[in-house]
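Novice: After the structure tokens below, expect a handful of questions from me.
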2 protein chains.
Amino acid sequence: MSTVPSRQWVLRSRPSGRPSASDVELVDIVVGSPEPGFVRVENLVMSVEPYMRGRIGGEVNYAEPYPLDEPMLAPVIGRVTDSADESVPAGSLVKHEYGWREHSLVPAGECTVLAHDDLAPADHLGPMGIPGMTAWVGCERIARIEAGDVVFVSSAAGAVGSTVVQIAKLRGATVIGSAGSAEKVALVRELGADAAFDYHDGSVKDLLRVAMAKVGATGLDVYFDNVGGEHLEAAIRVINDHARIALCGMISIYNSATPQPGPNNLIKLVWRRARMEGFLLRDHLDAREEFEERMAEWLRIGAVRGVHTEFRGGVEGAWDAFLGMLDGTATGKAVVPLTADPADQDRKTRESGGIISSYKEATR
Amino acid sequence: MSTVPSRQWVLRSRPSGRPSASDVELVDIVVGSPEPGFVRVENLVMSVEPYMRGRIGGEVNYAEPYPLDEPMLAPVIGRVTDSADESVPAGSLVKHEYGWREHSLVPAGECTVLAHDDLAPADHLGPMGIPGMTAWVGCERIARIEAGDVVFVSSAAGAVGSTVVQIAKLRGATVIGSAGSAEKVALVRELGADAAFDYHDGSVKDLLRVAMAKVGATGLDVYFDNVGGEHLEAAIRVINDHARIALCGMISIYNSATPQPGPNNLIKLVWRRARMEGFLLRDHLDAREEFEERMAEWLRIGAVRGVHTEFRGGVEGAWDAFLGMLDGTATGKAVVPLTADPADQDRKTRESGGIISSYKEATR
């Protein structure tokens, strides 16, 4: 029986405040050959995501808590090294949920074989993954963006927002983005937004008005909301007739202990006959096939570019990467390369047109 | 040339606060025979509506201001006495906008000949008119009420709300209504609501919870909002997955000088994948034919009952009726019979199953 040494992150306690190093432990293990029906995967790149905070803390919102004293879960892309199930042959590029470890034994039925394995592995976590499909569903099914629409996107340098900007441009819309730093604003412009602003530079209401004037727009047809709060109120203020507001998440309230007042101008939804709609990806899994075909093609021709922040340090640095992501230091999709040579992945990402907006050294 | 004496209300000045008797004048005139293309109408019953306040004051929101020193406009039902246009023969029951007067000369093209002239005239202003069609569009096109839905309606004794309650019941929904007095609550129950409460009796949140428990509901599939404010926040709090919130108007904010904070729980729209949508009738005029056929039939078989408050006093009392309606004294549709013998209309209303919830003596 062939074995490989591996390391994996085990949850030891549930933090109530900010998670810390004492809540987890990096454990050395030996991974054996897969039993029948399983495959062994060498993991290449793993995702760290905000919802994991809830699963670590044991809050039940979107997903089950991680069990204590077991390795944690995370979406991860890897290459099958040994297969004991003919449906997932050795050599396949796969996506699975058994991240937070270098090598995983995965039930074949829980592996998704990635048809588009010419793309950079990190792209399968970003534009081809949950954030990208969230952007797609929000644009195509909820906001129903069309040519000529004026579209405003908050958190436009984020994993979802950066994809929304690009899809909206591909649909022929005029796009305004907001983000939280000058660097992020520059990135949003680089992705094709017609105007972008740093929301720290004034009131969102004023900044949005200036941005609209810059692109010759008198109102918004679509607002893709990732933050709620002041952004949402500012957007409602200037919606056009029959505007659509896609509610994707409300970062502004997640860290708030007490409920924040909502927008004071909802009556505008009546006057403008506007629609505001929340959505979660789980209701739209039937869109996956169409989405993947389209997005893979866009990535290949460079029409959409993946935006990633790579946290360095391999599996050892994964926990600090998670904390860094929680602190908001990432632009685009926060990913952690798990292979020995991340430069190898960088090359692939750049060759496929992706933007590695920043590297973070995450060492314990 | 045959003439008839008539009286009509002329706007003399634009009030900034509450309108008063000095803003208008009841003028005696003589109405001649109709010129070619016109008809002369003896008006039977007229509508007084909240939006008229804006047209009198000169605010531009939904409709044009009424010109000064001219008779005001209002939806009115009448019988054609003389016709100089073959498209609208004498004897036709018509609806037109030249109310606030006993006899009107109306361009034939601005008369709607009422096919269903077996119904009570007041029903053409209520369930068959703008409030009824607003209810219909909100239920059918915006909220898309289906059998088994749990539906909450605010202002449920109002002209729109009372029709929503009845349509929702006809669609097989469980219906909870809120209203502003014990009498109105009793009426809402009489219309078929499974539960109803007076929102003065506690917090809407608590009252709604009690009402839901009473009907065995754990959440709302539909909220038909006529008021905004506390009602809206309370409803969002308990929406089910894929709930629909139809925004029809926000009485709670109309009389407020400063913007009121919105609901503090809009994030629920994401978690519940809910849709909140404002609408105005003008976008749904293509629904008229289907709506009228259906509603006329429902009225004939007594499945829907018109709810009216009749302001007495004929044309002389119309201004006080308008002020009374503004003060919120009306239940259901506020109407002003203009004929000499209102009892004649009452009989017709009662024969067709309508509810005259109250009479108001409006005398100058």
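The values are calculated or read from the model by the stated rules, or taken from the named source; none is laboratory data. Every value quoted in this text rests on a predicted model; they were computed, and no experiment measured them. A quick note on method: Cβ atoms are made from the backbone with ideal geometry, for glycine too, and the neighbour counts reach across all protein chains shown. Surface areas here come from the heavy atoms of the whole protein model, side chains and all, with no ligands, DNA or RNA. Shrake-Rupley method; radii C 1.70, N 1.55, O 1.52, S 1.80 Å.
Novice: Yes or no: A:Ser155 part of a loop (DSSP other than H, G, I, E, B), touching a Gly at 6+ places or on another chain (Cβ under 6 Å), among the hydroxyl-bearing types (Ser, Thr, Tyr) and within 22 Å of A:Glu230 (Cα to Cα)?
Specialist: yes
Novice: For B:Arg288, state whether it is more than 9 Å from chain A (Cβ to nearest Cβ), of a type outside the set (Asp, Glu), surrounded by fewer than 21 Cβ atoms within 10 Å (Cβ to Cβ) and farther than 18 Å from B:Gly228 by Cβ.
Specialist: So B:Arg288 passes the test.
Novice: B:Val164 - would you say it is in contact with a Cys (Cβ under 8 Å, 6 or more places away or on another chain) and of a type in the set (Val, Ile, Thr)?
Specialist: So B:Val164 passes the test.
Novice: Among the residues of the stretch B:301-310, are any open to solvent by less than 60 Å² (accessible area, probe 1.4 Å), at positive phi and touching a residue at least 40 places away in the same chain (Cβ under 8 Å)?
Specialist: Checked the stretch B:301-310: at least one residue is open to solvent by less than 60 Å² (accessible area, probe 1.4 Å), at positive phi and touching a residue at least 40 places away in the same chain (Cβ under 8 Å).
Novice: Checking B:Trp298 against (1) aromatic (Phe, Trp, Tyr); (2) modelled with pLDDT of 95 or more; (3) farther than 19 Å from B:Ala122 by Cβ, which single condition isn't satisfied?
Specialist: (3)
Novice: Regarding the stretch A:108-119, can at least one residue be identified that is closer than 23 Å to A:Ile301 by Cβ, in contact with a helix residue (DSSP H, G or I) (Cβ under 7 Å, 6 or more places away or on another chain), open to solvent by 20 Å² or more (accessible area, probe 1.4 Å) and part of a helix (DSSP H, G or I)?
Specialist: No, the stretch A:108-119 has no match at all.
Novice: Moving on. Give the residues of the stretch B:87-123 that are of a type in the set (A, V, I, L, M, F, W, C) and at pLDDT 95 or above, sorted by residue number.
Specialist: Within the stretch B:87-123, B:Val88, B:Ala90, B:Leu93, B:Val94, B:Trp100, B:Leu105, B:Val106, B:Ala108, B:Cys111, B:Val113, B:Leu114 meet the criteria.
Novice: Kindly evaluate A:Val80 against the criterion of being assigned to a strand (DSSP E or B), touching a residue at least 12 places away in the same chain (Cβ under 8 Å) and in contact with a Cys (Cβ under 6 Å, 6 or more places away or on another chain).
Specialist: no
Novice: I've got another one for you. Could you please let me know if B:Ala135 is of a type in the set (A, V, I, L, M, F, W, C) and under 14 Å from the mean Cα position of the chain (by Cα)?
Specialist: Here the answer is yes, as B:Ala135 does meet what is asked.
Novice: Moving on to the next point. Within 14 Å of another protein chain (Cβ to nearest Cβ), of a type outside the set (Asp, Glu), under 18 Å from the mean Cα position of the chain (by Cα) and buried (at least 18 other Cβ atoms within 10 Å of the Cβ): is that true of A:Phe279 in this structure?
Specialist: So A:Phe279 fits the description; yes.
Novice: Look at the stretch A:69-96 and say how many of its residues are under 30 Å from A:Arg12 (Cβ atoms), open to solvent by 10 Å² or more (accessible area, probe 1.4 Å) and touching a helix residue (DSSP H, G or I) at 6+ places or on another chain (Cβ under 7 Å).
Specialist: Looking only at that region, the number is 1.
Novice: Condition (residue is within 30 Å of A:Ile176 (Cβ to Cβ), out of contact with any Ser or Thr (no Cβ under 9 Å at 6 or more places or on another chain) and of a type in the set (A, V, I, L, M)) applied to the stretch A:38-51: is it met by at least one residue?
Specialist: The answer is yes, given that some residue of the stretch A:38-51 is within 30 Å of A:Ile176 (Cβ to Cβ), out of contact with any Ser or Thr (no Cβ under 9 Å at 6 or more places or on another chain) and of a type in the set (A, V, I, L, M).
Novice: All but one of (1) at pLDDT 95 or above; (2) of a type in the set (Phe, Trp, Tyr); (3) open to solvent by 20 Å² or more (accessible area, probe 1.4 Å) hold for B:Tyr359, so report the exception by its number.
Specialist: (1)
Novice: Under the condition of being open to solvent by 10 Å² or more (accessible area, probe 1.4 Å) and of a type in the set (A, V, I, L, M), which residue from the stretch A:139-179 is farthest from A:Tyr199 (Cα to Cα)?
Specialist: A:Ala147
Novice: Just for the stretch A:218-238: of the residues that are within 10 Å of chain B (Cβ to nearest Cβ), modelled with pLDDT of 95 or more and open to solvent by less than 10 Å² (accessible area, probe 1.4 Å), which one is nearest to A:Glu146 (Cα to Cα)?
Specialist: The selected residue is A:Asp225.
Novice: Could I ask something else about it? Could you list all residues from the stretch A:239-276 that are open to solvent by 70 Å² or more (accessible area, probe 1.4 Å), farther than 26 Å from A:Gly148 by Cα and either modelled with pLDDT of 95 or more or facing chain B (nearest Cβ under 10 Å) (or both)?
Specialist: A:Tyr254, A:Thr258, A:Pro259, A:Gln260, A:Pro261
Novice: Now, a different point. Scan the stretch B:178-199 and tell me whether some residue there is over 15 Å from B:Ala157 (Cα atoms), more than 13 Å from chain A (Cβ to nearest Cβ) and without any contact (Cβ under 8 Å) to a residue 40 or more places away in the chain.
Specialist: no
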